[in-house]
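What follows is a short report on a single structure.
The values are calculated or read from the model by the stated rules, or taken from the named source; none is laboratory data. Being a predicted model, the structure only gives us computed values, none of them experimental. Cβ placement follows ideal geometry from the backbone for every residue including glycine, while neighbour counts extend to all protein chains displayed. Heavy atoms of the whole protein, side chains included, go into the accessibility calculation; ligands, DNA and RNA do not. Shrake-Rupley method; radii C 1.70, N 1.55, O 1.52, S 1.80 Å.
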Amino acid sequence: ELKGIVFVIQSQSNSFHSKRAEDLKRDILKQAEDLGKELPKVLLIHQIDRHEGAWTILPLMKDFSLTYGRNSSWIFFCEEDTRIQVVKLLETLRRFDKSKEWFLGKALYDEESTIIHHYAFAENPTVFKFPDFAAGWALSIPLVNKLAKKLKSEPLKSDFTIDLKHEIALYIWQKGEGPHLTPVPEFCTDDVNSYKVDHCATTFSNFLPLCGEPVNKEDVFVAVKTCQKFHGDRIPVVKQTWEREAALIEYYSDYADISIPTIDLGVPNTDRGHCGKTFAILERFLNHTFPRTPWLVVVDDDTLISIFRLRKLLSCYDPNEPVFLGERYGYGLGTGGYSYITGGGGMVFSRTAVQKLLASKCRCYSMDAPDDMVLGMCFSGLGIPITHSPLFHQARPMDYPKDYLSHQIPVSFHKHWNIDPVKVYFTWLAPNTEQSHNGKKVGYNREDL
C-alpha cells in the first residue's frame with residue numbers, strides 16, 4: 001500500500017533547492033490523491049534539523065526505525081530532480097517481499113579502483129554495486145530496523161564522508177554479511193521525455209539548471225590559487241582552456257610573476273593546507289577588487305571548470321543570500337561535526353557569504369590548515385548551510401562511473417594525474433560541447449577518456 005512507503009527527498013535549505021523539493025513533495029501527494037489512496041509520508045531531509053549530518057542518511061536510521069518501524073514497509077529516497085510515477089513505483093516494490101531485508105536501486109560500479117573510494121575492491125572494483133541516488137533507492141523496513149540496531153551498538157566510525165552513495169552501500173553490505181544492492185531496472189535516470197522511459201518508475205531531469213538569463217560575465221570574479229613551482233605546467237593549461245571564459249580573473253601565488261601575471265599575497269606556500277592564502281583572497285575580494293561583484297569562485301591551478309555553465313547555474317541562486325556552493329563533503333558527521341565544500345572542484349561564494357564570514361572573526365587555526373575544512377567549520381558555526389551541487393567534481397572524469405556522468409552536464413573536474421587536461425576540458429566542459437554540428441557533438445569522444 002502507498003501509505004506503507006515513506007518518501008525521503010534529499011533536499012537542501014537553500015531557497016532554490018527547498019522550492020524544488022517542495023514541488024516534488026506536492027507532486028507525489030497529488031499523484032496519491034488522484035489514486036484515491038491514503039497519503040504517504042513525504043519528508044524533506046533539510047527539515048530534519050536535529051542532525052547536522054542528516055544528509056548522510058545513516059544517522060537518521062534510529063529515528064526512522066522508531067517512527068516508522070512498525071507500520072511502514074519501505075523508505076524510498078530520492079533527489080529533488082528525481083521524477084516519480086507513483087503507480088509504477090508501487091508495482092515495482094510489490095515484487096519484493098517486504099518482510100525481508102532489501103536494498104534496492106539503480107546499480108553503479110567502478111570500472112577501475114579509484115582514490116574517491118580508497119581503492120576499494122582493487123582486484124575487481126566492478127563486483128561492488130552502489131546506488132545512483134538520482135534514480136531513487138529504497139530500504140525495506142526490516143533492513144532499516146537492523147541498521148538502527150547496529151548503529152546503536154556500533155556508532156559510525158568514519159571521519160570523512162566523501163562519496164555518500166558508495167559509503168552507504170559499504171555500510172549496508174557489512175563486509176559481505178549484509179545485503180548487496182539489488183538492481184531494479186524500473187529505477188531510471190533517463191530524461192522524462194526519452195523514448196526509453198515507458199517501463200520506468202523513476203526518471204531524472206538531466207539538465208543544467210537555468211532560472212533566467214545566465215549571470216553576467218562581470219558578475220563572477222575568479223581567484224586561482226597557485227604557487228611558483230606550478231607556474232610552468234599548470235597555469236598554461238588554464239590559459240589554453242577556461243581562462244577566456246572569465247571576465248575577471250586573478251592568479252594568487254607565493255611569487256609575483258608578471259608574465260602570467262600572479263599576485264603575491266605575502267602568504268608563503270605550504271605543502272599542507274592553504275587556509276592563510278584563501279582567507280587573504282576573501283579579504284582582497286571584499287575590500288580591494290571589484291567591490292560590487294556578487295560572486296567569487298576560488299579554484300586550484302589544476303581545477304578544470306566551465307565558467308560558461310557556472311554562470312547558467314548561478315542564475316538559480318540569490319547573491320543576497322549567504323551562498324557557499326560546490327561539492328559537499330562531511331567531517332565527523334556521525335558525532336556532530338560539519339559539512340564543507342571540497343576545494344578542488346571549486347568553491348563558489350556569494351559576496352553576502354564572504355561578508356558574514358569575515359565579520360564573524362572565524363579564522364584559520366594555523367596558516368597551513370585545510371582551507372575548505374576551516375571554511376566549513378566557520379559557516380557551520382554561523383548557521384549558514386553549505387549548498388551541494390553534484391556538477392562539481394573533486395576528481396577526474398575517469399574516477400566516476402560512466403553511467404553516473406551520463407545524466408550530468410558537469411561544471412568542474414580536478415587533478416591532472418595521468419590525463420591530458422586540455423583534452424578533458426574540450427571533451428567535457430568547453431562551451432561548444434553543448435552545441436551540435438551536423439548532429440554530432442563537437443570535441444573529443446568522452447568514451448576515449
Original post:
Packing-wise, with mean Cβ within 10 Å as the measure, how do 322-332, 191-201, 79-89 rank, highest first?
Top reply: 322-332, 79-89, 191-201
**OP:** Select from SER253, SER73, SER406 the residue whose mean-square fluctuation is largest in a Gaussian network model of the chain (Cα-Cα springs shorter than 10 Å).
**Re:** SER406
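Leaving ligands, DNA and RNA out of it, rank HIS231, HIS180 by accessible area with a 1.4 Å probe, largest first.
If we order HIS231, HIS180 from most to least accessible, we get HIS180, HIS231.
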Original post:
At what distance in angstrom do the alpha carbon centres of region 269-337 and region 194-230 lie from each other?
Top reply: 16
Subject >> In sequence order, calculated HN-Hα J values of region 150-155 (Karplus, 6.51, -1.76, 1.60; Hz; x Gly/Pro) >> reply: 5, 5, 5, 8, 10, x
Original post:
Angle between the Cα long axis of helix 15-34 and the longest principal axis of the chain, 0 to 90 degrees, nearest 10?
Top reply: 20
**OP:** Could you provide, to the nearest whole Å², the per residue accessible area of the chain with probe 1.4 Å?
**Re:** 44
**OP:** List the relative contact order of the chain as a percent without decimals, with contacts defined as Cα pairs under 8 Å and 6+ residues apart.
**Re:** 15
Original post:
Any idea what the relative contact order of region 217-429 is, in percent, if you count C-alpha pairs under 8 Å spaced at least 6 apart?
Top reply: 23
**OP:** Return one number: the angle in degrees, 0 to 90 and rounded to the nearest 10, between the long axis of the Cα atoms of helix 164-173 and the longest principal axis of the Cα atoms of the chain.
**Re:** 40
Original post:
Hey, how many Å between the Cα centroid of region 147-182 and the Cα centroid of region 53-118?
Top reply: 13
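Which value, in nm² and rounded to one decimal, describes the direction-averaged projected area of the C-alpha convex hull of the chain?
Details: hull surface 88.1 nm².
Computing the convex hull of the Cα atoms and averaging its projections yields 22.0 nm².
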Original post:
Among 202-210, 123-131, how do they line up from the highest to the lowest mean number of other beta-carbon atoms within 10 Å?
Top reply: 202-210, 123-131
Subject >> Share of carbon and sulfur in the accessible heavy-atom surface of region 217-429 [1.4 Å probe, %] >> reply: 52
Original post:
Which values of log₁₀ I(q)/I(0), to two decimal places, follow from the Debye formula for region 2-204 at q = 0.07, 0.11, 0.19 Å⁻¹ with a uniform point scatterer at every Cα?
Top reply: -0.20, -0.50, -1.58
**OP:** Place +1 on the Cβ of every Lys and Arg and -1 on the Cβ of every Asp and Glu in the chain, take the dipole about the Cα centre, and give the residue among TYR329, GLY4, SER18 whose Cα lies farthest towards its positive end.
**Re:** GLY4
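Based on the mean of other Cβ atoms within 10 Å per residue, sort peptides 353-364, 147-158 so the most packed one is first.
In decreasing order of mean packing, 353-364, 147-158 become 353-364, 147-158.
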**OP:** Rounded to whole Hz and in sequence order, give me ³J(HN,Hα) for region 367-375 from the Karplus expression 6.51 cos²θ - 1.76 cosθ + 1.60, θ = phi - 60°, writing x for Gly and Pro.
**Re:** 4, 9, 5, x, 4, 5, 6, 4, 4
